Structures are given as structure tokens and as C-alpha cells.
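S.K.: Quick one: the structure is below, questions incoming.
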Amino acid sequence: MAVGMSGPRRTGTTVVRPGADEYGADEYGAGALAPSDVLLGVEPDDLPDGLVVADRTGRIVCFNAAAVRITSVAREVALGSHLEHALPLEDLKGRRWWTLTDPYGGLSTRVGQPERNLLLPGGREVLVSARYVREYPTGPVLRVVVQLRSTEARRRTERSHSDLIATVAHELRSPLTSVKGFTATLLAKWERFSDDQKRLMLETVDADAGRITRLIAELLDISRIDSGRLELRRQPVDISAAVARHVQALVASGQSPDRFLVRAGHPLPDLWADPDKVDQVLGNLLENAVRHGEGTVTIDIAPAPADNDETGTAVTVSDEGPGIPEESMARVFTRFWRGSKRGGTGLGLYIVKGIVAAHGGTITVDRAPGGGAEFRFILPVSTPAYLR
């Protein structure tokens, strides 16, 4: 909306006339809205959410394009109509929302209504909040400004939470069943088993208990990442030594030493990071390369520029397997993404991205020179201010 207009201007939503003291439909007719009702340089139709504005009599003077899309009410029908008729909203108990809230005749201390889940005719859900613009505190209502939002984003969040619960239940069921079965058997028939049989059962119980512990740790990490409460305990980290430890652990678990190639550039910048979180990132990426990839797993460590012109350390983990399909690369770091049917919760890479982002770093996925997957993350040096 331009400033300093010399005459009336019709926008896609309203008729705007400058220089008036009152901006309701009483003076200019249905559909009138003055410059003070429109953000400078922003038309109501530019807003991503539905915007409905009613004047002091309750007649609608603004009904933007998003409101039309969300409510399926034509703009020409809404403009000039009373709020209660154009938006016959009901709560989940079937009660009329405007009758309950009574913005014009209710308590004079009310300044609006918080967002609620309400129903439009036909049972369609919409998120609604309202603001009462008064002439002065406790004075009469000049305008009622209503914001409408689709429930689709909330539904996606609820589905994500449901998927998380279902995944956790599924992943917990198997190891818990194993733990319960073996412990019950040992308690009931301890004398009937040899020492070797007892050891095998206890090793299985220990492995399943470790699986449960890892899953719980993943859930806690997801909770902290989603809420922005992931805490980092920064200290000097030798990234080359950390990579060597993980490779040795994989070799000790049965992998061939020839399967790993570590290349470290020198000199590497000093790195201040959370060593436990860096271990978590390295462990996840290397285990994925071993489990889902094929051939040689190559780990490259080199200095690299980070964001904000800061130096950093780049670690690249690549394999020679089938790689990740091009159409799936955009979803690799989302929850529940699985590159194959070889197990896993699909939460590891989501957590990896959250940890790297918490350090102020970046992580990407691409196709490796050998045809497999290539994950590359960069962590900034993040030297404490008192050492600079």
C-alpha cells in the first residue's frame, strides 16, 4: 500500500481512502478500509494467514485472500456481512463461538481471544484468534481483527508425534520381550543350564538393554533439539583421534581393517566442541556407512572455511555402495527416513543434523566419487573469547 495517496484506491481486498477519521463501512460503505488498517507496504492479500476485520457494528470490512481460501467463503459475500453470519464458527461442543465470546457486548476489559480450534460449517477445522481494538482501555470496540489459520501444520505435527510414539513402541517391544523372556527363563530354570548357556543368555540381555538405552538417549536428544535446549560442553577436541577410536571400535566388532581409509590434512585448526556429541555424530555416520554402504569407507579430515568467515574442520564420510537416490536426498535428515530395510529407527541422521547445527556447523549429503553416499559436516573452531 502506497503512502501519501491523493485519492481512493481499490485493492484486491478493500477500497482504501486516505484522510478519514473513521475507517469503518459506516462512512465509506461495505468493504472500506483506511491506511491505518493496512501495514505500510503490505496488502492484506500478502499475508499468509487469513485476516478478517469487522467494524464497530460487526460488519466485515476486510476479508483477504487467505481467509477466502481457508473458509471457502467468497469475498463479495463476506464483505458487508456480519461476522456471525459470514463466519458461523462453533466450538468442538457445537456452541456458537460469537455468542459465547460476545466481543461487542461482553466484558469491557477483554482485549481479544487466544487461538482456539473451531469448526466451520461442514465440520472443517480452523485455528481462530481475535483482537479487540478499543477506542480507549475499557472503551467501546472499534474493530475486531480475526486471524484464521489452517490446521494442516498442526495435523502434520500431531502425525509426526504419533509416528514417533509408534516407532518407539515398535523398537522397544522386541528388546524388552527378549530381556523379559531370558530373565524369566534363567530365574525359573537356572540349575538346568550350563555356564556357557547362561553366559549367552546374559550377553543377549545385555545387548538388548544397551539397545533400549540408546533408543532412550535418542528420544532425549530429539526432545532437546526440538525445544532448542541441546546443551554443549565445549572443550578442545582432537577430531583425528576421535575418528581413529571409532574405526578401531568397528574393527574390534568384526569389520576388516582394510575396509577403512582415513586421510587427515595437516595442520588442522584447534577445535572447541562437545566431545560426546562429536562422537555421536561420527559414530552414526560411520555405522551408517558400514551398515548401508559397501566397499571402502573413506574418512577425510581437512581444514575448511565455516560460516561467518570463521575457520573450521570438515569431516567427509563416503562409501562405495549404491548411494542415496537423488529424489531422497532432500529427506535424508528428516525424522524416520530410512535408506534401506536394514533396521534402525530413522532418527539418527535427524539427531546428527541437530547436533551439528547446535555447534554452528553445517552438514550435507551428496553422491561419493565411488558411487556411494557422501556425508560432509563442518564444525567451526569456536575458540572461546578469552583465548582469542
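The values are calculated or read from the model by the stated rules, or taken from the named source; none is laboratory data. Only a predicted model underlies this, so the values are computations on that prediction, with no experimental measurement involved. Here the Cβ is made from the backbone with ideal geometry for all residues, glycine too, and neighbour counts use every protein chain on show. These area figures cover heavy atoms from the full protein model, side chains too; ligands, DNA and RNA do not enter into them. Shrake-Rupley method; radii C 1.70, N 1.55, O 1.52, S 1.80 Å.
S.K.: Working out 0.36 nm times the residue gap between residue 204 and residue 336, then minus their Cα-Cα distance, what length gain in nm do you get to one decimal?
M.R.: 44.9 nm
S.K.: Cβ neighbours within 10 Å, averaged per peptide: list 268-275, 246-253 in order, most packed at the top.
M.R.: Peptide ranking by packing, descending: 268-275, 246-253.
S.K.: Lysine pairs, Cα distance under 22 Å, 8 or more residues apart or cross-chain: how many in the chain?
M.R.: Pairs that pass both the separation and distance tests number 5.
S.K.: Can you give the accessible area per residue of the chain, in Å², using a 1.4 Å probe?
M.R.: Details: 21150 Å² over 388 residues.
Here the per-residue accessible area is 55 Å².
S.K.: Of all accessible surface on the chain at a 1.4 Å probe, what whole percent is carbon and sulfur?
M.R.: With neighbouring chains kept in place, the figure for the chain is 52 percent.
S.K.: What does the highest-first list of 192-199, 170-177 look like by mean Cβ count within 10 Å?
M.R.: Values: 192-199: 10.2, 170-177: 13.9.
Answer by packing, highest mean first, reads 170-177, 192-199.
S.K.: Continuing with the same structure: Suppose R0 equals 35 Å; then what is the FRET efficiency for residue 231 and residue 192 from their Cβ-Cβ distance, rounded to the nearest 0.05?
M.R.: 0.10
S.K.: Here is a further query. Return the FRET efficiency for the residue pair residue 241, residue 162: r is the Cβ-Cβ distance, R0 is 45 Å, and the value is rounded to the nearest 0.05.
M.R.: Here the calculated transfer efficiency is 0.60.
S.K.: Next up: What three numbers, in Å, describe the spread of the alpha carbons of the chain along their principal axes, ordered from the longest?
M.R.: 91, 60, 43
S.K.: While we're on this one: How would you classify the range 51-112 from its alpha-carbon gyration tensor, with a ≥ b ≥ c the square roots of the eigenvalues: rounded for a/c under 1.5, else prolate if a/b is greater than b/c, otherwise oblate? Spell out each step's value before the answer.
M.R.: Working: a/c = 2.11, a/b = 1.35, b/c = 1.56.
It comes out oblate by the Cα gyration axes.
S.K.: Here's another thing I want to ask about it. Heavy atoms only, 1.4 Å probe, whole protein assembly: order 104, 132 by accessible area, highest first.
M.R.: So the residues, ranked largest to smallest area, are 104, 132.
S.K.: Distance in nm between label sites at residue 102 and residue 173, each 7 Å beyond Cα in the beta-carbon direction?
M.R.: 5.3 nm
S.K.: In deg cm²/dmol, rounded to 500, what helix-only [θ] at 222 nm does the chain give when every DSSP H run of at least 4 residues adds -39500 (n - 2.57) and the total is split over its residues? Please list the in-between numbers first.
M.R.: Details: 10 runs with 138 residues, N = 388.
Using -39500 (n - 2.57) per qualifying helix, the result is -11500 deg cm²/dmol.
S.K.: Related question: For residue 95 and residue 135, calculate 0.36 nm times their separation in residues minus their Cα-Cα distance, and state this gained length in nm to one decimal.
M.R.: 11.5 nm
S.K.: Taking the DSSP beta bridges in the chain as the whole, what percent of them are antiparallel, to the nearest 5?
M.R.: About 90 percent, rounded to the nearest 5.
S.K.: I would also like to ask the following. Which FRET efficiency, nearest 0.05, do residue 366 and residue 82 yield, Cβ-Cβ r, R0 56 Å?
M.R.: My answer for the efficiency is 0.45.
S.K.: Give the accessible area for residue 69 in Å² (nearest 10); use a 1.4 Å probe, count only protein heavy atoms, and leave out ligands, DNA and RNA.
M.R.: Per-residue accessible area (residue 69): approximately 150 Å².
S.K.: Order of 211-217, 276-282 by packing, highest average Cβ count within 10 Å first? Present the calculation step by step, with values, prior to reporting the outcome.
M.R.: Values: 211-217: 13.9, 276-282: 20.0.
Result, highest mean Cβ count within 10 Å first: 276-282, 211-217.
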